[in-house]
Amino acid sequence: MRIYKFNWRSESDIRYELVLLLHLHRFGIPVSIPLPRRDGEWLTALDAPEGKRYMALFTEAAGKEKRDVEASVAYGAAIAELHRAAGFFAPRSGRFELDLHHLLDEPLQQLLPFLSHRPEERRFVLDAADKLKRRVASLQDEGLDSGVCHGDLHGSNVHFSGDGELTHFDFDCCGMGWRAYDLSVFWWDRVQSKVDSFDHEQWNAFLNAYLSSRPLNRPDLEAIPAFVAIRHIWLLGLHTGNSAVWGAWQDDDYFDRKLKFLRAWMETHDL
């Protein structure tokens, strides 16, 4: 059961997510799907003290998370099938898009006030965002594959059962976007806690499995490192923007670690 945070997703956003899950299920993609109420409705509106919140019930994603090369191969191949099936999705309601406004502009609005006492890092983040925008724009001109994305493929939103079957869940960040961004989230998750060396073994296994089933063009592959950095900035904005709900634990140590990775990644990939 998920109870959506107040002022987090609109009713239209949520219905898009639920209908997408049902679509993927009909195409044979193993996803956790919503369960209807007795009256056939998918959502329940709750009058919480802070305002209206929505609740939905989903089937269980049996099993547990796995973080090894074997699981990375299976996950990469499964995401290729998910993207292929999502390409046939015709939404019945509107939803935000995973564009640069959502991935960079909005997070920056939340993040920058937290860096007011760190002017050098504030300038660095603004400069990095500008470079990343220009990088994506140049590759977009060459043609980037886009379509419905999961939006949060860090590897913890899939469970593997004992017999190796997997189930996708948590499509709360889904929407129309670049497929290169969707894939980049997996790589970002595997490297974002490191700054001295980046281990690419699981990423390479994931990407090769994906490409063996669903090829991508050169611009898409070249865009992925930039999208890793964009994902990182998005996360910083998510944390700071939700500090009133989750707690303001974004202290100087937090920014030291997070911005150290961003600097290292930008330098390593000549961004």
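All of the numbers you see were taken from the coordinates with simple rules; none came from a lab. Remember, it's a predicted structure, so these values are computed and weren't measured experimentally. Quick reminder, even Gly has a Cβ in these numbers, built from the backbone with ideal geometry, and neighbours come from all protein chains shown.
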Practice item. Using a Förster distance of 35 angstrom, determine the FRET efficiency expected from the C-beta separation of ARG67 and LEU35, and round it to 0.05. Key: 0.75
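Per Stokes-Einstein, at 4 °C and 1.567 mPa s, what whole-number D in µm² s⁻¹ belongs to region 1-126, with the Kirkwood radius over Cα pairs as the hydrodynamic radius?
Working: Rh = 17.9 Å.
For the chosen part, D equals 73 µm²/s.
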Revision key, fill the gap. Simple spin-label estimate for GLU201/ARG84, 7 Å along Cα→Cβ, in nm, reads 2.9
Revision key, fill the gap. Taking the dipole of the chain about the Cα centre (Lys, Arg +1; Asp, Glu -1; charges at Cβ), the one of VAL191, PHE88, ASN208 that reaches farthest to the positive side is PHE88
Check your understanding: Out of every Cα-Cα pair in the chain, what percent are more than 36 Å apart?
Key -> 14
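Kirkwood Rh, Cα Rg: Rg to Rh for region 54-165?
Numbers: Rg = 18.7 Å, Rh = 17.8 Å.
Checking Rg against Rh, the ratio lands at 1.05.
Two-decimal Rg/Rh of region 127-240 from alpha-carbon positions, Kirkwood Rh?
On the way: Rg = 14.5 Å, Rh = 15.1 Å.
Radius of gyration relative to Kirkwood radius: 0.96.
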Review point. Across the Cα atoms of region 182-271, what radius of gyration and what greatest pairwise Cα-Cα distance (Dmax) are found, in Å?
Key: 14.7, 44
Review point. What is the order of VAL245, VAL158, fewest Cβ neighbours within 10 Å to most?
Key: VAL245, VAL158
Review point. Straight-line reach from LYS64: which lysines have a Cα under 30 Å away, not including same-chain ones fewer than 8 places off?
Key: LYS5, LYS194, LYS258
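I'd like to compare 198-207, 14-23: which one has the highest average count of other Cβ atoms within 10 Å, and what's the full order after that? Could you put the intermediate results ahead of the total?
Numbers: 198-207: 17.6, 14-23: 20.5.
Highest mean packing first, the order is 14-23, 198-207.
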